[in-house]
Structures are given as structure tokens and as C-alpha cells.
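Since the structure comes first, as C-alpha cells, the remarks are kept for the end.
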Amino acid sequence: RLLIIDFGSQVTQLIARRLRELDVYCEIHPFQNVTSAFLQEFAPKAVILSGGPASVIDEGSPRPPSEVFELGVPVLGICYGQQVMMHMLGGKVERGHGTAEFGRAYVTPEEQRIDLLKGWFLEEREQVWMSHGDHVSAIAPGFEVYGTSPNAPFAITADLDRNFFAVQFHPEVHHTPNGKTLYQNFVELAGFTGDWTMGAYREEAIRKIRAQVGDAKVICGLSGGVDSSVAAVLIHEAIGDQLTCVFVDHGLLRQGEAEEVVTMFRDHYNMPLIHADEQELFLGALEGESDPETKRKTIGKLFIDVFQKHAGEVGGAKFLAQGTLYPDVIESVSFSGGPSVTIKSHHNVGGLPEKMGLKLVEPLRELFKDEVRALGRELGLPDSFIGRHPFPGPGLAIRCPGEITREKLDILRKADAVYIDQIRRHGLYDEIWQAFVAILPVRTVGVMGDGRTYDFACALRAVTSVDGMTADYYPFSHDFLGETATRIINEVPGINRVTYDITSKPPGTIEWE
Ligand code: XMP
């Protein structure tokens, strides 16, 4: 396996991404954790030093342990990784002064072509993406130059005897179009055969779960979303009935959702599952409440109480399983301690492990969303389940701006079911990242048949997105929108007006609260 030492670049996860696309297994570890002992234990077959925001010239700036260069394995330094490598191996790094480069640049080759650059320079020059203030002003002994750019005379250097490679640009980003080839060449010369598969990941993950958990009991909050479902099935495969799932029905789920989740996990997978029907509790507590943050906090707190109560029934559980993904890990690393503004109180089971004295089992921590989906397929979860749109923890509560009533929830469930059915019938479900209906806290006048109506208005929402952080509205055809509005008004008593939300994020958010 390959070790990526992370120095805090915004794009480190893309390095992992490129390598996985090449079927090479890699792990990213923050530089603070990579000690000499860690290195020995990990025994990497190759190492990549990522970029990062620091300057190697500054005192106390991050370094890998010097043993990285004594392992006898290929090392690739990228941007900050390149500079730290030069600095530690006897070269020199200097500050900017007009040599900073940000954005597109072109690298031209030197006479001698090396294996790392197979497939490069088929045109005279290669487009690359630079983002650096400091630059290498003298390369370390043993290194030669194999590519230069106007502002980076040492854009590509290598010590071929030791298989050390250093590049100033970022081969992992989209704007270095031939970057993947460079990674491919690197892993090839490190002896990887590209035999890493989801099947292999599954085996490895099962082995790790067993080693971590032993014969202790594990509880898992199952929401019916892709991540917690895949985590649950994987852990169940590893430890069988040592795992108990708790599914909290807060009365804010979509039509048929509770039955679907319970049937699948209890009957199909034969998993011990506690179905906590707590609708009265949640809806009671939310009665009369219309402030979005209070609604979120009420739900979050009750969720923890209920989960804790039912988890207590399991008796002696020592672990809590969560479907945390790699992007969640990264976000919490790079933003931890930062003065970021709370836009919305996200609801999750944070805080619970300490309160209950539980340790975390997070078997998906190293995966991206689409890899989790691939793992789910590998584990035999049905496609209809794996491809589901995300659904927020507070559920329909945040799609019902203002006060929540059972009447509104019923209307909303029906309208949402019709809308999603429309999207599926038109073959658009997989093109859309997330789609739902929000019921608005206004009644408007309409005319149906010969009578006056005075019913709720609703808004349809559908967005495209990569990660939910930014989003754009989905450009439905007018025919689709017209047909859907007609169906909703005809099939859902209580709604007499349908609108389409065409706000992007930012400035809007995806959910309405
Ligand atoms: P917003 O509305 O913040 O949503 O643009 C971004 C994505 O996050 C989901 N979301 C949540 N998911 N707990 C969750 O598990 C929450 O409290 C929560 N709030 C929003 C939302 O559905 C969208 O996919």
C-alpha cells in the first residue's frame, strides 16, 4: 500500500482519488501522525508527500520523519512536498519575490526522458497547475532536472538512483490534464500492479473491524441513508449479531421509509434491529415551534436521548458504529478550531460517544461517496438503495418551514412521493443529486372544478451537486414541471399551488431550513 503524508493541501484527497482510480490502495495520514514508529508499522511500498500551505523556510513548519528517505522506496514530493524534500535532502528553498505562480503554467521537457514522464510531452509542452509562493532555488545532490516552467526552473526533478521524484505543480487536479499518467507511471515503477478492488477493500475492512472490536458489542444508528446502511452491512458481515442497529423513527420520514428500512435490514439481512417508534415524542416536542434552529436543536437532542435509551437495551456495548466518510474527516480536520459561522446546526450523533463511554468504529473513513456506493454494491445492497438521494437527519422538519403539524407532514409526504415518482418515470433520478418538496407556510386561493380552494402552496427543489457544499438548480423542462404540478394538485388534497425553486447554493442552501 501507498502512504500519502498530508501537509494540509486543499487537494490532498484528490491524490488518493487518482490512485484509487488506478486500483492502487493508499491511505492519507496527517504529517503529525506519521512518526518513525508509524512508518515502520505501515511499511509503505511508496510514499507521496502532499502540498500544503506552510513555508519550509519558517521555523516549526511541518516535516516528514527523515526515515521516509531511508526506507528504500520511491518517494514523490508535490509542491510543498517537493520543497520539504529538497530542503531535507540538501537543496535550497527561497521565498517568492516575483517567482510565485498560481494557476495554469506550461512545463517543457529536458533532453533526457524518464519513466515517470512516459506519455508526457507528446506535444511540446504540458499544461500543469501551479500554486506556490516559495520556490526551489537549488536542487539537492543527486537530483537532475527533467522539466521546467518559466517561473519554476525545477518544475520536475528526480534522483533516479534513489527513485525520488519531485514536482512543483499539482498533478492531481483537473487542470493538469495529463496528471493521472504521471501517477500511473509512479505507481508502476513502485511495483504496484493495480490489483486493488472493492472486494479487497471489503476483506481488509472486515479484518480490521474484527481486530478492533474483538468480542465486544457494537451499536449503530441506522438512518436508512447510504452511508450508515453500508457501514451496518459491512460490520454485520464482520461480527454478525454482536452488532445491533437502532433505527429512530421521529415521525419526520418520507412515505414508506420506515417499513422499507426495517424490512430490508431485519428480514433481508437478518440483523438485530431496534425500531424505535418515537413519533409522538418528537412531534409533541416540536408542536408550536417555528424557529429553524430551535427545531433542529430539539430534534438533535431528542435523537441522542432516544438513541441512548434504546442503545442501553443492548447492554454492554463498547462501540458505536458510524458511516463517516473521507470528505467528512477532511472537513473536520481543516476547519477544526477555525472561526467558522454556524449556518445550520447539523444533526448527527456527535457528542454521544463520550457521553456513553463508547469508542467509534468508522469503517468508511477512507472512502469517497462513490466508493461507498461501490462497496455497497459489492456487499449486495440493491441499486435502488445505493443510488438514493441524501436525506437529512432532521428529515421533513426542515422541509416544512414554520410550524410543523401532522396535517402538513401528511400532505408533504404525499406530494414528495408524487414528485419523486415523476422524476423516476422521466429517468432523471440519477442525474439529480437531491430532490424533494417543501411545503410552504402559506395558503393561497385557487379554483378547482367550480369551487374555491384555499390550500397550501409547495415548492419543488432539485439540485445538481458534487458534495452538497455548492449546488445549482436542475434545469427541468417546462413540460416536466407543468405535468408534475398538475399531478401534485390532482393527487394531493391540501395543495393547490406548485412553485419551482431556482436558487443555487450559495446564496441559498439546499434545504429550506
Ligand atoms: P444545506 O441545506 O446545508 O444541505 O445546503 C446540504 C446537504 O446536507 C443535508 N443536510 C443534513 N444532513 N443532517 C444531515 O445528515 C442535517 O442536519 C442536515 N442538514 C442538511 C442536506 O439534505 C443536503 O444534502
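Which whole-Hz couplings ³J(HN,Hα) result when phi for each residue of the stretch 30-43 is put into the Karplus expression 6.51 cos²θ - 1.76 cosθ + 1.60, θ = phi - 60°, listed in order with x for Gly and Pro?
After applying 6.51 cos²θ - 1.76 cosθ + 1.60, I find x, 3, 4, 7, 8, 9, 4, 5, 4, 4, 4, 5, 5, 6 Hz.
Apply the Karplus curve 6.51 cos²θ - 1.76 cosθ + 1.60, θ = phi - 60°, to the phi angles in the stretch 429-440 and return the couplings in whole Hz, x for Gly and Pro.
4, 6, 7, 9, 6, 7, 9, 6, 10, 10, 9, 8
Please give the calculated 222 nm ellipticity per residue for the chain, where each DSSP H segment of at least 4 residues contributes -39500 (n - 2.57) and the sum is spread over every residue; nearest 500 deg cm²/dmol?
Calculated from helices alone, the mean residue ellipticity at 222 nm is -10000 deg cm²/dmol.
Could you work out how much longer the chain between Leu189 and Asp479 gets when fully extended? Use 0.36 nm per residue separation minus the Cα distance between them, nm to one decimal.
That pair, Leu189 and Asp479, stretches by 98.9 nm at full extension.
Between Asp134 and residues 5 or more places away or on another chain, which pairs have amide H atoms under 5 Å apart, with H built 1.01 Å from N, and which residues are they?
Gly96
Given a Förster radius of 22 Å and the C-beta distance between Ser66 and Val145 as r, what FRET efficiency does 1/(1 + (r/R0)^6) yield to the nearest 0.05?
0.35
Take Phe102 and Asp472, extend 7 Å from each Cα along the Cα→Cβ direction, and tell me the distance between the two endpoints in nm.
With each label point 7 Å from Cα toward Cβ, the separation is 2.4 nm.
Per residue Cα convex hull volume for the chain, in cubic angstrom?
Each residue corresponds to 172 Å³ of Cα convex hull volume.
Applying the Karplus parametrisation 6.51 cos²θ - 1.76 cosθ + 1.60 with θ = phi - 60° to the phi angles of the stretch 505-512, what ³J(HN,Hα) value in whole Hz is obtained for each residue in order, glycine and proline being reported as x?
With the stated coefficients, the stretch 505-512 comes to 10, x, x, x, 10, 6, 6, 8 Hz.
Only residues of the stretch 186-204 count here: report those whose backbone N is under 14 Å from the spot 7 Å along Cα→Cβ of Ala43, or say none.
Correct set: none at all.
To the nearest 0.05, what FRET efficiency results for Leu22 and Ile57 with a Förster distance of 35 Å applied to their C-beta separation?
That pair, Leu22 with Ile57, gives E of 0.55.
Could I have the simple spin-label model distance between Arg388 and Arg424, label points 7 Å from Cα toward Cβ, reported in nm to one decimal?
1.2
Which FRET efficiency value, to the nearest 0.05, is calculated for His29 and Thr486 with the Förster distance at 41 angstrom and r the Cβ-Cβ distance?
After rounding, the FRET efficiency stands at 0.15.
I'd like the distance between the alpha-carbon centres of the stretch 431-473 and the stretch 135-204, rounded to an integer number of Å.
49
What is the stretch 2-189's relative contact order, in percent, from Cα pairs under 8 angstrom and six or more apart in sequence?
Once normalised by length, the contact order is 22 percent.
Taking 0.36 nm per residue of sequence separation and subtracting the Cα-Cα distance, how much length would be gained by fully extending the chain between Asp241 and Arg113, in nm to one decimal?
Computed gain between Asp241 and Arg113 is 40.4 nm.
At 7 Å along Cα-to-Cβ for each site, give me the label-to-label distance between Glu94 and Glu123 in nm.
Output for this residue pair reads 3.1 nm.
Going by a ≥ b ≥ c, the root eigenvalues of the Cα gyration tensor, does the stretch 2-189 fall in the rounded group (a/c under 1.5), the prolate group (a/b larger than b/c) or the oblate group?
rounded
Within the chain, which DSSP H helices have Cα atoms that stretch 15 Å or more along the helix axis and a mean Kyte-Doolittle hydropathy of at least 0.0?
Correct list, ordered by number: 226-239.
May I ask you to list the lysines whose Cα is less than 23 Å away from that of Lys318, ignoring any residue fewer than eight positions away on the same chain?
Lys208, Lys217, Lys301, Lys309, Lys355, Lys359
For the stretch 142-223, calculate the relative contact order in percent as a whole number, restricting contacts to Cα pairs under 8 Å that are 6 or more residues apart.
Computed value for the stretch 142-223: 13 percent relative contact order.
Under the definition of Cα pairs under 8 Å and six or more residues apart, what whole-number percent is the relative contact order of the chain?
Relative contact order here is 10 percent.
No lab work stands behind these numbers, since they all come straight from the coordinates. It should be emphasised that the depicted structure is a prediction, and the values quoted were computed from it without experimental measurement. Methodologically, a virtual Cβ is constructed for each residue, glycine included, from the backbone with ideal geometry; neighbour enumeration extends over all protein chains shown.
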